[in-house]
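Okay, structure first, notes after.
The values are calculated or read from the model by the stated rules, or taken from the named source; none is laboratory data. Quantities reported herein were computed from a predicted structural model and do not represent experimental measurements. Positions of Cβ are generated from backbone atoms using ideal geometry, with glycine treated the same way; all protein chains shown enter the neighbour counts.
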Amino acid sequence: MRKVYLDHAATTPVRPEVLAEMVPYFSEHFGNASSGHQWGRRAREAVDVAREQVAEFIGAHPDEIIFTSGGTEADNLALRGCLSAMRGKRGGLVTNAAEHDAVLGTAEELLHAGHAVTILGVDQQACVDPEAVRRAVNQDTALVSVMLANNEVGSIQPVGEIAGIARESGAFMHTDAVQAAAGLALDVEELGVDMLSLSAHKVYGPKGVGALCVRRGTRLAPILTGGGQELGRRGGTENVPGLVGMGKACELMKRSLTEDVPRIARLRDRLRDGILERVPGARCNGHPERRLANNAHFLFPGALGETVVVALDEQGVAGSSGSACAAGSTEASHVLVAMGVPLDQAYDSLRLSLGRGTSEQDIEWVLQVLPPIVERVRQAQDGRA
């Protein structure tokens, strides 16, 4: 049976070159990067190189990179750390209903803690209206947080414009670029953001490693205290092999974007067009043009997404019915609901996300097996109705 992995939005395989860079730091160069002896110095040098690689990936300075355990911690640090640092001056947060749960869940807790939190709606493509941000910010707003590209439907947000509005109001700007990093050239200066979140496993690096870029002059208090690592901004012994892997993954991603993205976009278009032609009633979600090259997100009314995913898996195809971080949830996708998708259809979704290893043969296999699967699921559901 052919094996086709189309769930790169959930995670990506570690590149062989990345793994090769990491291996020596598990046993040969195993020192604690905070130790002063030669083992520690060797580890510290590797961390410094990784910090430079990540900074180069997004056009930042190395001292603006804080390593974390992943995108979730980076988002938490941005929101909690900024509002904590601004306590007594400004305490408001503006975000939107289509953000990742790492942002929305944190926003909810900040609201319960007494902060003024505004959660803006989005349009039918899951995009935020910059003018809505302009109306929402005020003299109490400390931070605006809008993700660069939606992790479910792939829509790219007008973050640069929103960052300008935040700056005019005196607020800081954060963007979750975890999903965007695999498909967009990132430059914090061009985006105009004060903070940007990354995760290594979305760019063919290891899991459990991430980073938050904090531009010079941005107010941020630590949310983890300990040994004073990361210039006192995030305590905890550094995961040296993981950081080495993240640095190498970012370096390789920056080199390969211009070659990979157009090829992946062509395959995505073939997949999208083929499915829309062959599956009656199918709809593609997200912005039709301003979207990540690897993302194809569908609604198949009358065909439960989770059932379609299981049937695809039996045919050797990996897909998703929503965000991997919400796997096992019985609730409809909050992103689709925010987009105005009727609740009875919000469960009937499928996300297929391509990657560097996706081939034309993979796409043709999916186009062969998916339409009859959707038809069988619809018939089975009709029979139970």
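Residue count for the range 15-28, restricted to those that are farther than 18 Å from residue 229 by Cβ and either buried (at least 19 other Cβ atoms within 10 Å of the Cβ) or touching a strand residue (DSSP E or B) at 6+ places or on another chain (Cβ under 8 Å) (or both): 4. From the list 117, 94, 103, the lone residue that is in the same structural domain as residue 193 (by TED's automatic domain parsing), touching a residue at least 12 places away in the same chain (Cβ under 8 Å), under 24 Å from residue 234 (Cα atoms) and surrounded by 18 or more Cβ atoms within 10 Å (Cβ to Cβ) is 103. In this entry, residue 289 passes the filter for residues that are under 25 Å from the mean Cα position of the chain (by Cα) and either in the same structural domain as residue 128 (by TED's automatic domain parsing) or surrounded by fewer than 15 Cβ atoms within 10 Å (Cβ to Cβ) (or both).
Sub-6 Å Cβ pairs linking a first residue in the range 333-347 that is assigned by TED's automatic domain parsing to the domain that holds residue 119 and small (Gly, Ala, Ser) to a second residue that is buried (at least 20 other Cβ atoms within 10 Å of the Cβ) and assigned to a loop (DSSP other than H, G, I, E, B), at least 6 apart or interchain, number zero.
Counting only helices (runs of 4 or more DSSP H) wholly contained in the range 7-62, the ones carrying 2 or more residues that are within 30 Å of residue 154 (Cβ to Cβ) and assigned by TED's automatic domain parsing to the domain that holds residue 206 occupy 16-22, 38-58.
For the range 65-143, please list each of the helices (runs of 4 or more DSSP H) lying entirely inside it that holds at least 1 residues being more than 30 Å from residue 295 (Cβ to Cβ). It would help to see each step written out before you state the result.
Numbers: elements: 71-85, 101-112, 130-136.
The qualifying helices (runs of 4 or more DSSP H) are 71-85, 101-112.
Count of the range 186-218 residues, restricted to those that are touching a Leu at 6+ places or on another chain (Cβ under 6 Å) and surrounded by fewer than 24 Cβ atoms within 10 Å (Cβ to Cβ), is 1. When 223, 162 are screened for being closer than 30 Å to residue 283 by Cα, of a type in the set (A, V, I, L, M, F, W, C) and in contact (Cβ under 8 Å) with a residue 24 or more places away in the chain, only 162 passes. Taken together, the residues in the range 129-155 that are more than 23 Å from residue 77 (Cα to Cα), among the hydrophobic types (A, V, I, L, M, F, W, C) and in contact (Cβ under 8 Å) with a residue 24 or more places away in the chain amount to 1.
This table checks each residue for (1) surrounded by fewer than 22 Cβ atoms within 10 Å (Cβ to Cβ); (2) on the phi < 0 side of the Ramachandran plot; (3) of a type outside the set (A, V, I, L, M).
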position	(1), (2), (3)
136	yes, yes, no
146	no, yes, no
150	no, yes, yes
166	no, yes, no
171	no, yes, no
180	no, yes, no
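Residue 352: buried (at least 23 other Cβ atoms within 10 Å of the Cβ), touching a residue at least 40 places away in the same chain (Cβ under 8 Å), outside the structural domain of residue 102 (by TED's automatic domain parsing) and outside any loop (DSSP other than H, G, I, E, B), yes or no? Yes. From the list 110, 83, 77, the lone residue that is surrounded by 15 or more Cβ atoms within 10 Å (Cβ to Cβ), in the same structural domain as residue 192 (by TED's automatic domain parsing) and over 18 Å from residue 232 (Cα atoms) is 110. In the range 187-199, the qualifying residues are those that are in contact (Cβ under 8 Å) with a residue 60 or more places away in the chain and in contact with a strand residue (DSSP E or B) (Cβ under 7 Å, 6 or more places away or on another chain), and the one that is farthest from residue 74 (Cα to Cα) is 188.
Residues that are touching a residue at least 24 places away in the same chain (Cβ under 8 Å) and out of contact with any Leu (no Cβ under 7 Å at 6 or more places or on another chain): does the range 34-41 have at least one?
Within the range 34-41, one or more residues are touching a residue at least 24 places away in the same chain (Cβ under 8 Å) and out of contact with any Leu (no Cβ under 7 Å at 6 or more places or on another chain).
Here residue 151 meets the list (1) within 30 Å of residue 347 (Cβ to Cβ); (2) in contact with a Leu (Cβ under 9 Å, 6 or more places away or on another chain); (3) not small (Gly, Ala, Ser) almost entirely, failing just condition (2).
Among the candidates 31, 36, the residue that is surrounded by fewer than 21 Cβ atoms within 10 Å (Cβ to Cβ), at pLDDT below 95 and of a type outside the set (Lys, Arg) is uniquely 36.
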